[in-house]
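Chemist: Have a look at this one.
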Amino acid sequence: MPSAVASCLRGRNHEVLTAHQAHLEDASDEHLIAYAQDRHAILVTTNRDCAAIALQMRSARVVWLQVREVDAQAAMERAADWLEVNPFPPGRVLRVRKRAAPALLSPPRWERGQLFRSR
């Protein structure tokens with residue numbers, strides 16, 4: 001995560017803990033998601049795979065900045081504005097693109113037969 005994103009959030013009086021500060025810089029996406037969930041925190045990422053895993057795990061709240069690093073701070077500003085006025089339930093991912101409005105993604109729906117396979 002770009003340091004400008006952490007600075008942006010701290011400037012809005014949010015408590016921010018980077019993966020490095022939590023000594024989780026080598027942790028898997030699953031571990032980072034679980035860590036955020038355990039602390040009732042929001043995980044902020046620019047990693048598409050992390051966002052996909054979060055949707056599958058259906059546990060923590062994740063903000064996915066789907067932008068290049070240079071655009072991450074502006075995207076986080078828009079996400080923070082969105083979060084101030086909208087509910088953000090656990091197990092959901094907020095996707096923030098460069099120009100489009102932030103969108104709350106739903107976990108994938110399981111169709112009948114996907115959870116269990118007959119033998």
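Values in this text are rule-based calculations from the coordinates and carry no lab data. All figures in this text were calculated on a predicted structure; none of them were measured in a lab. Backbone-built Cβ (ideal geometry, glycine too); neighbour counts: all protein chains shown.
Chemist: Report every pair of residues separated by at least 6 positions or lying on different chains whose Cβ atoms are under 7 Å apart, first residue within the range 45-64 and over 23 Å from Asp81 (Cβ atoms), second of a type in the set (Val, Ile, Thr) and part of a helix (DSSP H, G or I).
Modeler: Ile53/Ile33; Met57/Ile33; Ser59/Ile33
Chemist: Suppose we filter Glu15, Glu30, Glu25 for residues that are in contact (Cβ under 8 Å) with a residue 12 or more places away in the chain and of a type in the set (D, E, K, R); which single one remains? Even if it seems obvious, please write down each step before you answer.
Modeler: On the way: Glu15 fails: in contact (Cβ under 8 Å) with a residue 12 or more places away in the chain; Glu25 fails: in contact (Cβ under 8 Å) with a residue 12 or more places away in the chain.
Sole residue among the options that is in contact (Cβ under 8 Å) with a residue 12 or more places away in the chain and of a type in the set (D, E, K, R): Glu30.
Chemist: Just checking, how many residues over the range 75-111 are under 14 Å from the mean Cα position of the chain (by Cα), among the polar types (S, T, N, Q) and more than 20 Å from Asn47 (Cα to Cα)?
Modeler: 0
Chemist: Mind checking whether some residue in the range 76-85 is among the aromatic types (Phe, Trp, Tyr), crowded, with 17+ Cβ neighbours inside 10 Å and either touching a strand residue (DSSP E or B) at 6+ places or on another chain (Cβ under 6 Å) or within 14 Å of Met1 (Cβ to Cβ) (or both)? Talk me through it step by step, then tell me what you get.
Modeler: Filtering the range 76-85 for residues among the aromatic types (Phe, Trp, Tyr) gives 82.
Add one more test, that the residue is crowded, with 17+ Cβ neighbours inside 10 Å, and what stays is 82.
Add one more test, that the residue is either touching a strand residue (DSSP E or B) at 6+ places or on another chain (Cβ under 6 Å) or within 14 Å of Met1 (Cβ to Cβ) (or both), and what stays is none.
So far as the range 76-85 goes, no, none of its residues is among the aromatic types (Phe, Trp, Tyr), crowded, with 17+ Cβ neighbours inside 10 Å and either touching a strand residue (DSSP E or B) at 6+ places or on another chain (Cβ under 6 Å) or within 14 Å of Met1 (Cβ to Cβ) (or both).
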